[in-house]
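Worksheet for the structure shown next.
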Amino acid sequence: MIKIATYNINGINGRLPVLLRWLKEARPDIVCLQELKAPADRFPKAAIEAAGYQAIWHGQKAYNGVAILSRSWPIQELRRQLPGDKTDDSCRYLEAIVGKMVISCIYMPNGNPYPGEKFDFKVKWFKRLHTHAKSLLKHDVPVLLVGDFNVMPAELDVYKPEKYINDALFRKEIRAAYAKLLKQGYTDALRTLFPTERIYTFWDYLRFAWERNAGLRLDHFLLSQHLTSRLRQGGVDKHVRGWQKASDHAPAWIALR
């Protein structure tokens with residue numbers, strides 16, 4: 001089995017002990033990290049390697065930054081920007097070949113407040129993702145789009161849908177954009193495994209959201225048809241959210257045959 005995980009770490013250096021503890025406990029083969037909040041020269045390469053992982057990363061000090069870790073295979077970097085806008089210098093996309101699979105690590109723009117420039121940027125970024133994701137399917141290789149999409153695809157993915165009607169993460173335009181990815185030929189792995197369950201990956205720090213399980217499902221695995229038939233297990237390591245100084249996200253994972 002191949003275990004692949006995604007984790008919005010929300011500041012890799014400040015939460016490095018949490019990350020290392022989880023890596024030791026969960027032992028995923030491949031990990032996609034988002035929201036590093038660290039420039040390239042501050043990525044904790046030595047600590048990650050000491051934990052048994054090699055890594056590539058694309059970081060900046062702002063609320064961005066992505067990385068791919070591998071315990072079992074070498075990482076061949078393909079690109080570190082989503083094509084389609086040469087002026088976009090944000091660190092939100094990282095693509096590599098790992099274990100004969102194309103892994104795209106994604107940190108989608110938040111898009112709030114709606115309406116506004118940030119929401120418009122999110123819509124444009126999604127359109128670029130549509131174009132590139134479709135092009136990846138033209139090659140006869142397994143593809144995974146993995147990460148924090150900042151999208152709640154359906155009402156089942158949010159504890160109180162009525163509260164999020166005008167939130168950029170739940171706007172009908174954004175949910176439609178996510179659905180378009182699936183129509184291109186991708187499978188939502190976690191929803192396939194848990195078709196009727198309220199499975200969450202994020203709990204806000206405010207208003208005792210964790211204690212009340214007032215969560216959202218923002219972190220996703222989209223699989224090409226090469227991998228859909230190999231999907232066997234998956235879940236969210238929810239208990240990690242309760243660790244001291246943990247991220248507001250919990251690690252999510254899938255296992256492939």
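The values are calculated or read from the model by the stated rules, or taken from the named source; none is laboratory data. Predicted model only: the values in this text are computed from it and were never measured. Here Cβ is always computed from backbone atoms with ideal geometry, including for glycine, and neighbour counts include all displayed protein chains.
Set side by side, the residues SER104, SER72 differ, and just one is surrounded by fewer than 20 Cβ atoms within 10 Å (Cβ to Cβ), under 24 Å from LYS3 (Cβ atoms) and either in contact (Cβ under 8 Å) with a residue 40 or more places away in the chain or among the charged types (D, E, K, R) (or both), which is SER72.
Is it fair to say VAL158 is farther than 26 Å from GLU197 by Cβ, modelled with pLDDT of 95 or more, surrounded by 15 or more Cβ atoms within 10 Å (Cβ to Cβ) and β-branched (Val, Ile, Thr)?
Considered against the rule, which asks whether it is farther than 26 Å from GLU197 by Cβ, modelled with pLDDT of 95 or more, surrounded by 15 or more Cβ atoms within 10 Å (Cβ to Cβ) and β-branched (Val, Ile, Thr), VAL158 comes out as no.
Looking at LEU169, is it touching a residue at least 24 places away in the same chain (Cβ under 8 Å), over 26 Å from ASN112 (Cα atoms) and not in a helix (DSSP H, G or I)? So LEU169 does not fit the description; no.
Results for (1) touching a Phe, Trp or Tyr at 6+ places or on another chain (Cβ under 9 Å); (2) charged (D, E, K, R), shown as yes or no for each residue.
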{"residue": "PHE170", "(1), (2)": "yes, no"}
{"residue": "THR187", "(1), (2)": "yes, no"}
{"residue": "ARG217", "(1), (2)": "yes, yes"}
{"residue": "GLN225", "(1), (2)": "yes, no"}
{"residue": "ASP237", "(1), (2)": "yes, yes"}
{"residue": "LYS245", "(1), (2)": "no, yes"}
{"residue": "ALA252", "(1), (2)": "yes, no"}
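TYR178 passes every criterion in (1) at pLDDT 95 or above; (2) within 23 Å of SER247 (Cβ to Cβ); (3) part of a loop (DSSP other than H, G, I, E, B) apart from (3).
Return a yes/no flag: does segment 67-78 have any residue that is touching an Asp or Glu at 6+ places or on another chain (Cβ under 9 Å) and among the aliphatic types (A, V, I, L, M). Checked against the condition, which is being touching an Asp or Glu at 6+ places or on another chain (Cβ under 9 Å) and among the aliphatic types (A, V, I, L, M), segment 67-78 yields at least one hit. Could you tell me which residue of segment 220-238 is surrounded by the most Cβ atoms within 10 Å (Cβ to Cβ), considering only residues that are in contact with a Lys or Arg (Cβ under 9 Å, 6 or more places away or on another chain) and under 30 Å from LEU206 (Cα atoms)? Among those residues, the one meeting the criterion is HIS220.
Looking across segment 217-237, the residues that are within 15 Å of LEU181 (Cβ to Cβ) and of a type in the set (Ser, Thr, Tyr) come down to SER224, THR228. Starting from segment 1-28, keep only residues that are crowded, with 24+ Cβ neighbours inside 10 Å and small (Gly, Ala, Ser), then list their pairs with residues that are at pLDDT 95 or above and in a strand (DSSP E or B) whose Cβ atoms are within a distance under 6 Å, requiring at least 6 positions of separation or different chains. Qualifying pairs under 6 Å: ALA5/VAL31; ALA5/TRP253. Checking each residue in segment 162-182 for being of a type in the set (Asp, Glu) and surrounded by 16 or more Cβ atoms within 10 Å (Cβ to Cβ) picks out only ASP167. Candidates in segment 162-199 are the residues that are among the aromatic types (Phe, Trp, Tyr) and over 24 Å from SER229 (Cα atoms); of these, the one that is farthest from the chain's Cα centre (by Cα) is TYR164.
Checking each residue in segment 150-169 for being in contact with an Asp or Glu (Cβ under 9 Å, 6 or more places away or on another chain) and farther than 18 Å from LEU190 by Cα picks out only PRO161.
Of the candidates ARG241, ARG217, ARG191, the single residue that is within 23 Å of GLY14 (Cα to Cα), crowded, with 19+ Cβ neighbours inside 10 Å and touching a residue at least 24 places away in the same chain (Cβ under 8 Å) is ARG241. The number of residues in segment 64-98 being modelled with pLDDT under 95 and either more than 19 Å from LYS124 (Cα to Cα) or of a type in the set (A, V, I, L, M) (or both) comes to 1.
Can you go through ARG15, ARG42, ARG92 and tell me which one is charged (D, E, K, R), closer than 18 Å to SER247 by Cβ and touching a Phe, Trp or Tyr at 6+ places or on another chain (Cβ under 7 Å)?
Being charged (D, E, K, R), closer than 18 Å to SER247 by Cβ and touching a Phe, Trp or Tyr at 6+ places or on another chain (Cβ under 7 Å) holds for just one of ARG15, ARG42, ARG92, which is ARG92.
Right, PHE149: aromatic (Phe, Trp, Tyr) and closer than 16 Å to ASN64 by Cα or not? Yes: the conditions hold for PHE149. Just one of the listed residues (GLY147, GLY235) is among the small types (Gly, Ala, Ser) and touching an Asp or Glu at 6+ places or on another chain (Cβ under 9 Å), and it is GLY147.
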